[in-house]
Each structure stands twice: as structure tokens, then as C-alpha cells.
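One structure is given below, encoded as C-alpha cells.
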Amino acid sequence: MAIVQTKNLSKVYNPDTVPVHALRDVSISIEKGEFTSIVGPSGSGKTTLLNMLGGLDKPSSGSVWVNGKEITSMKESDLIDFRLYNIGFVFQHYNLIPVFTAHENVSFIMLLQNRSKKEIKERADELLEEVGLGDRKNARPVEMSGGQQQRVAVARALASEPKFILADEPTANLDSTSAMNLLDIMSRMNREQNVTFVFSTHDQRVIDRARRVITMVDGAIHKDEYQNVEETKTG
Amino acid sequence: MKTLLTIAWRNIWRHPARSGVLLAAIVAGLWAGVVTVGIINGLLQQRIDYMIESEITHAQIHHPEFLAEGYSWLHIPHHDEIINWLENDSRVVNYTSRTITDGMLQSPVKTSGVRIRGIDAETERQTTTFHENLIEGEYLDSDVPSAIIIGAELAAEHNMETGNRVVLTFEDINNELTSGSFHIVGIFRSASVEYDRRNVFVRSDEFIELLGDQPVFHEIGIMLGHEEQAGEVTADLNSRFAGITAQTWRQLSPELSMLVELGGVMVIIITMIIMAALAFGILNTMLMALFERMREIGMLISIGMSKIRVFSTIMFESVMLTLTGTVAGFVLAWGTIRYLSGSGLNLEMFADGAAQLGWDHVIYPELTPGEYVIILSVVILITLMASVYPAIKGIRINPLEAAKNT
């Protein structure tokens, strides 16, 4: 069964004035463990599709299914709860809570899930170790580099044990080394823990690491192809 | 809950300068408000204490119609039995009988309408503090026969001083006009100019001789161990003795009673005025904070933070901010009131004006723990009201804000 699936998804902004077709009849299916990148020029609908997959935006028509459940018709409050347990997010601007330390940022989502203190602490420690920030867990976002913040964001996304992680241009604000480092971490998680990643990107380095590349043009799927990826570890 | 409180608290200190300015405004506003309420309380309490201790006493007994009519023949029946009862009641600390009627005071200068109060110098001294108002001459325990003490205002109007004589004319208990000549032995000044203008004091035994052929008393003033006992003592007197009316100071002086009520209302009104002004500051600060954190709040909703939690966090933030200022304001105000309640706030520059209104110019501010609780409740209530709008705006933030790339 697909982890996430869209059926004839369309999104039209300003339907009554100047209609803008952000998505046109998009149907995709992403299986568990995939490492998928959605690519395309600016305005091609990558971010809109990602927002739909994450239940952050409602389509004009069509439906989104996550783990066999249709999320497009859910009430907003149910959708918030659904996202908490099923979808992880990594944003371009990291979007960490600035008043929290790295450890607190990772713990926070588990607190929202009402997990036990012991479990939260252990898992936050473990995830920060996995993203290479075991020694920075008491640092606040302002004390960390962009790359480090994004790695905390990945750890946060993983903390809730979601069905899949959506990452919108995760390397856009990172320097080359940080970007490759982040990609290493994400692909290792995907390979070793079978975590499903879907990210939108312009970055060719990211595209090169994806096993599946969905290319969008003018809101429609132009190409959907699998590619062989050589797993490398970069410094 | 603890996490939400932690976020709220740390959010306050993201912009120390901005929060600090609002905190300073809250501290200054509450300090000023609490001290003002304390001063008003002090003024009111001073007035109440003065009136009770100098004249009204905790309870009084009269003929049922005396206070309305004022005639000298409306005197207290069973006076000796009542005195005997008062003597044996453990709740009664002191009491004094007074003979009172309205009359005219004549001097070579003019004639004035006055209330003539015949008092027993010794029991009056034990019961009230009126003797402390004497500013010149002697009290009524003087050896001078037919002695009278008059108010400073009255003395000035009649161009009189101690040693001068005046004539009092009044109706006796048989409804006959009678008069007597009195020597001014002393001049008093109370907190009320009007009282000083309208009242004169003579010895009750000399006054009674002029009023009739039998001892008559129109008023018994009673001081009790505790002011709260006034209700039960007057109820006992009214049930035990026919033909009298015993009343508490609240019944005798509704305006004083109203002052007590007014004190309670003023606490709320002043706090509400100050907090209404501060509410706009809170609203402004919270809205600014909210607009700066649109993306962050969008992220929180995106990752699964429920709207009730977002709402609570914003509310906690403003309540914690206000409470921090409130605690500091309270500590400052408490210290100020504590200091002034010992030394007094001396408004000597307004002494003349205050005296015209019947107030003393030295004020001892006071505030009860209950009033602090009332102020705190009003502060929290208004803060919650001011925070609701930003909190509602907060939960309406679109989670897509988190995904915006600009």
C-alpha cells in the first residue's frame, strides 16, 4: 500500500478573478521507503504539491491519501492531530523554536504526543547523536549554523516517528558542505531505517541523490522516473 | 502545560527592551494605583475613625424621635436602668450621657444657630477623644462656673476669645424659651470647619438645671471592645428597653457607612482605569510579537500543535508578563504603603483646604490583603480580555506561513 497518494489533484488560485492553475490533475503514489525529489522550475507547483501532501493546503479538486486515509476531507482540528502522528516537516528556513535548545526543539513534538519523559529524553538524545549534534544539544538556534539548524529540524521531523517526511527545499539556504552533510544524513536514515522522504528542490546535488525524481512543469507531472544512485559519504 | 509555560516565559524575554518597557509601565501604573487606593482608604478610614472616636462612638441611644425632631423634651426614658445595664455588659468599654438641644448663641457681634451639647467632662473624656481638639484655654473640667467651649470658626465669626461671655437661648423641656450666660473657657478645632461653626459644649449638670426640673439625657454614646459588636449590642438594647432607639454608627451616619462601601468600589474603579490604559499596551505588545512570529506559529500548527495549545501559549505569555509587572508593582506599593502607614503622608500644604472639608492633612495609607486580591483579580481579568484578540489572531494563522520562502 502506498504511504501517500494523490488522485487527480488540482489547485486553482483566484478561481473567480484571474485563475492560476497551480496543480493540474496530479496523480502520484509514493511507497514506503522511497527517497523522492520533486523538481521543476519556479512556479511549477512543487511547493503546492508538497503542501497538499502535508495537509497544509486544500485542493480545488481531487484527493490526498496518507496511509490509506483520505486527508482532504478532514476537519482542520483532526488534520492537525493527523499531522502530529503521521507527517514530518523540514522547512527551507529550518523554523526551529528560537527560545528552545536543540534538545528541546526535538523533544517538543514528542511532548505534543504526550509521550513519557524518559522516552522523550532518550529519543531526543539518540536523534541528535544520529544527526551529529550530540554535543550541541543545549545550543539554541541562534548559536548554531544553518546546517546544524537544519539537522535539528530533520531530527525533529523524525522524532514523531511519522509515516513520511516532507522537506521543502531543505538545502536552499545551506552552503555546499552543509547541504551534502544533510543529504548524507537523510539518505542514511532512508537506507538504514526505511524512512520515507519527499522533498522539493532545485538543487542538482539533491536531485542526484534521489532514487525517484518527479519533474513538474506548469502544475502537471512532466516526468516521473527512478534512477540509480551511488551512495557516497561526504565530509 | 509546563512546556507551554516555558515557551511563554522565554518568549517574553526575546525582546527584553520591549517587554521591559511594558513591564515598567505595568509596575509604575500598578504602584501608582495601589498607593492611590491606599491613600484613599487611609483618608476614608481616618474620617471614619475620627468621627467614631471623637463623637459618634460605636453605638448611640436616643428617644426614637429625637434625631428627626431635636426637641429637648424627647429625652431618653429609663436612663438609669440603661446605664446600669451598660455598666454590667462586658462588651461595653465606656459610655457617656449627653444632653442636647438646638438654640441660639448671642454675642455683642451677632447671633448664630448652634447645637448645644451638655456633656459630662469626665465620662466624655473616657469615651471619646473630643478633648484633644482643644486648641486654646481649658476643657469643661475647669473651675469656672457656667463654662462653655466653642469652635474656632464660631469664635472668629463672633470675634470672641476665652474669658468672654456669650448667651445661649433655647427651649426647655416644658417648651418654654429660656437662656443662660456662659463663660468661654476653651476653643476647639475639629477636622470639620462646619462642625466647629455649629457646635458648642457646656457641662451637662449646669445645662440640665436650665432645661427643666429633672435630669434629662438625649444621647448615650457607647464605645465597645470591637466595632463588629455594635449590631448585637444595639439589638439587645432595643429588645430590652422600650421607648428608645439604639443604633450603630453605620445607622447613625449613613454617609460614613457609604464611605466604607466607597472604599471598596474605589479599589476596583481605580484598578480598572489603570489596567484599561495598560490593556492597550499589552494588546500592542502581543500583536507585535504575534506578527513577528507568524512563521513560527505556522510551523507549530504545521507540525501538529493544536489550536487550543497555541491559544493557551499566547494567553500565558501575556498573563505571565502582566503578573511579573504586577508582582513588582505590588512589592513596590506594599513597601510604600508600609512606610507611609508608619510615618504618615503629610499634606500640610493642603491643610486649610482639607480642614474646610473635614479632613486631616496627615494621611496614613492602608490596604488590606483582601484588597490586594481584588486588584490582582481585576488585573488578571483585564489582561485576559486584552489577550483574547491576539490569541484568536494567533490560532487563525495559516500553517502555510511556515512554508513561505520569504
So the carbon and sulfur contribution to the accessible area of region B:59-224, 1.4 Å probe, in percent, is 44 percent
Honestly chain B on the Cα gyration tensor test (a ≥ b ≥ c root eigenvalues; a/c under 1.5 rounded, otherwise a/b vs b/c for prolate or oblate) is just prolate
Under the 7 Å Cα-to-Cβ spin-label approximation, A:Asp175 and A:Thr17 lie apart by a distance in nanometres of 4.3 nm
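For region A:1-97, which trypsin sites (Lys or Arg not before Pro) are in a loop by DSSP, counting at most 13 other Cβ atoms within 10 Å?
Numbers: sites: A:Lys7, A:Lys11, A:Arg24, A:Lys32, A:Lys46, A:Lys69, A:Lys75, A:Arg83; in loops: A:Lys32, A:Lys75.
Those satisfying the criteria are A:Lys75.
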If each part is reduced to its alpha-carbon centroid, region B:55-97 and region A:1-46 end up apart, in Å, by 95 Å
Quick note, region B:1-113: a/c under 1.5 would make it rounded; otherwise a/b > b/c is prolate and the rest oblate (a ≥ b ≥ c, C-alpha gyration tensor); here it is prolate
With B:Gly180 itself left out, Lys, Arg at +1 and Asp, Glu at -1 over residues whose Cβ is under 14 Å from its Cβ give -4
Ignoring ligands and nucleic acids, B:Tyr71 exposes an accessible area, probe 1.4 Å, in Å² to the nearest 10, of 90 Å²
Evaluated at 20 °C and 1.002 mPa s, the Stokes-Einstein D of region B:263-348 based on the Kirkwood radius over Cα pairs, in µm²/s, stands at 133 µm²/s
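Based on the alpha-carbon gyration tensor of region B:260-406 and its eigenvalue square roots a ≥ b ≥ c, which shape applies: rounded if a/c is under 1.5, prolate if not and a/b is larger than b/c, or oblate?
Details: a/c = 3.54, a/b = 3.43, b/c = 1.03.
It comes out prolate by the Cα gyration axes.
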When the charge dipole of chain B is computed with +1 at the Cβ of Lys and Arg and -1 at the Cβ of Asp and Glu, the Cα pointing farthest to the positive end, of B:Trp359, B:Ala230, B:Met272, is that of B:Met272
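Explain nothing, just the number: relative contact order of region B:59-224, from Cα pairs under 8 Å at least 6 residues apart, as a whole percent. Write out the running numbers ahead of the final one.
Details: 361 pairs, mean separation 58.1, N = 166.
Here the relative contact order equals 35 percent.
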With only helices counted (DSSP H, runs n ≥ 4, each -39500 (n - 2.57)), the per-residue ellipticity at 222 nm for chain A, to the nearest 500, works out to -11000 deg cm²/dmol
With only helices counted (DSSP H, runs n ≥ 4, each -39500 (n - 2.57)), the per-residue ellipticity at 222 nm for chain B, to the nearest 500, works out to -18000 deg cm²/dmol
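How big is the Rg/Rh ratio for region B:59-224, C-alpha atoms only, Rh by Kirkwood, two decimals?
On the way: Rg = 15.4 Å, Rh = 16.1 Å.
Over the Cα atoms of region B:59-224, Rg/Rh equals 0.96.
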Pseudo-spin-label distance B:Val93 to A:Gln204, built 7 Å along Cα→Cβ, given in nm, is 9.8 nm
So, with points 7 Å from each Cα along the Cβ direction, the A:Gln227-A:Asn8 label distance in nm works out to 3.3 nm
In nm², the average projected area of the convex hull spanned by the Cα atoms of region A:104-209 is 6.5 nm²
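According to the Kirkwood expression over distinct Cα-Cα pairs, how big is the hydrodynamic radius of the protein assembly as shown, in Å? Can you show the working numbers first?
Details: mean 1/r = 0.0316 Å⁻¹.
In the protein assembly as shown this quantity evaluates to 31.6 Å.
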Across A:Pro170, A:Pro98, A:Pro141, the residue with the highest GNM fluctuation in chain A (Cα network, 10 Å cutoff) is A:Pro98
Rounded to the nearest 10 Å², the 1.4 Å probe accessible area of B:Phe350 is 120 Å²
Magnitude of the Cβ-charge dipole (Lys and Arg +1, Asp and Glu -1) of the protein assembly as shown about the Cα centre, nearest 20 debye, reported as 5800 debye
Relative contact order in percent for chain A (Cα pairs under 8 Å, 6+ apart) equals 28 percent
In degrees rounded to 10, the 0-90 angle between helix B:79-88 Cα long axis and the longest Cα principal axis of chain B is 50 degrees
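Explain nothing, just the number: dipole magnitude of chain B about its Cα centre with +1 on each Lys and Arg Cβ and -1 on each Asp and Glu Cβ, in debye rounded to the nearest 20.
Values: 26 positive and 46 negative charges, 887 e Å.
It comes to approximately 4260 debye.
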With every protein chain in place, the residues of region A:81-103 shedding 20 Å² or more of accessible area versus the chain by itself (probe 1.4 Å) are A:Arg83, A:Leu84, A:Phe89, A:Phe91, A:Gln92, A:His93, A:Asn95, A:Ile97, A:Pro98, A:Val99, A:Phe100
quick note, region B:59-224, DSSP beta bridge pairs, % antiparallel (nearest 5) is 80 percent
Note, A:Glu143: beta-carbon cut-off 12 Å, +1 each Lys/Arg, -1 each Asp/Glu, net +3
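Excluding B:Glu227 itself, what net charge comes from residues whose Cβ is under 14 Å from its Cβ, given Lys and Arg +1 and Asp and Glu -1? Working shown, then result.
On the way: positive: B:Arg91, B:Arg250; negative: B:Asp49, B:Glu53, B:Glu228, B:Glu232.
Cβ neighbours under 14 Å give a net charge of -2.
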Relative contact order of chain B (C-alpha contacts under 8 Å, at least 6 apart) in percent is 26 percent
Under a Gaussian network model of chain A whose springs join Cα atoms within less than 10 Å, the largest fluctuation of A:Thr177, A:Thr201, A:Thr101 belongs to A:Thr177
Per GNM of chain A with C-alpha springs under 10 angstrom, the most fluctuating residue out of A:Met52, A:Met144, A:Met189 is A:Met144
When the charge dipole of region B:278-406 is computed with +1 on Lys and Arg Cβ and -1 on Asp and Glu Cβ about the Cα centre, the Cα farthest towards its positive end, among B:Leu345, B:Ile301, B:Gly329, belongs to B:Ile301
So A:Asp78 and A:Met1, fully extended at 0.36 nm per residue minus their Cα-Cα distance, gain in nm 25.5 nm
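At a Förster radius of 30 Å, what calculated FRET efficiency corresponds to the Cβ-Cβ distance of B:Asn164 and B:Glu81, to the nearest 0.05?
Values: r = 41 Å, r/R0 = 1.36.
So, using R0 = 30 Å, E works out to roughly 0.15.
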If every Lys and Arg gets +1 and every Asp and Glu gets -1 at its Cβ, then about the Cα centre region B:27-162 yields a dipole, in debye to the nearest 20, of 520 debye
With Cα coordinates, the longest principal axis of chain B makes an angle with the long axis of helix B:2-12, in degrees rounded to 10, of 80 degrees
From most to least accessible, 1.4 Å probe, no ligand or DNA/RNA atoms counted, A:His93, B:His79 line up as A:His93, B:His79
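If you filter region B:28-78 for GluC sites (Glu not before Pro), then keep DSSP loop positions with at most 13 other Cβ within 10 Å, what is left? Can you show the working numbers first?
Numbers: sites: B:Glu53, B:Glu55, B:Glu65, B:Glu69; in loops: B:Glu65.
Qualifying residues, ordered by number: B:Glu65.
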To the nearest 10 degrees, the tilt of helix A:76-86 (Cα long axis) against the first principal axis of the alpha carbons of chain A is 50 degrees
Quick P(r) readout (chain A; Cα-Cα; 5 Å bins; whole %) gives 1, 7, 14, 18, 19, 16, 12, 7, 3, 1, 0
When the charge dipole of the protein assembly as shown is computed with +1 at the Cβ of Lys and Arg and -1 at the Cβ of Asp and Glu, the Cα pointing farthest to the positive end, of B:Ile119, B:Val379, B:Leu140, is that of B:Val379
Expressed in square angstrom to the nearest 10, the accessible area of A:Glu122 with a 1.4 Å probe stands at 100 Å²
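Taking the DSSP beta bridges in the protein assembly as shown as the whole, what percent of them are antiparallel, to the nearest 5? Working shown, then result.
Working: 60 of 87 bridges.
Taking every DSSP beta bridge with both residues in the protein assembly as shown, the antiparallel ones total about 70 percent.
The values are calculated or read from the model by the stated rules, or taken from the named source; none is laboratory data. Keep in mind that what you see is a predicted model, and the values were worked out from it rather than measured. Note that we place each Cβ from the backbone using ideal geometry, even for glycine, and neighbour counts take in every protein chain shown. Remember, those area values only see protein heavy atoms, side chains included, never the ligands or the DNA or RNA. Shrake-Rupley method; radii C 1.70, N 1.55, O 1.52, S 1.80 Å.
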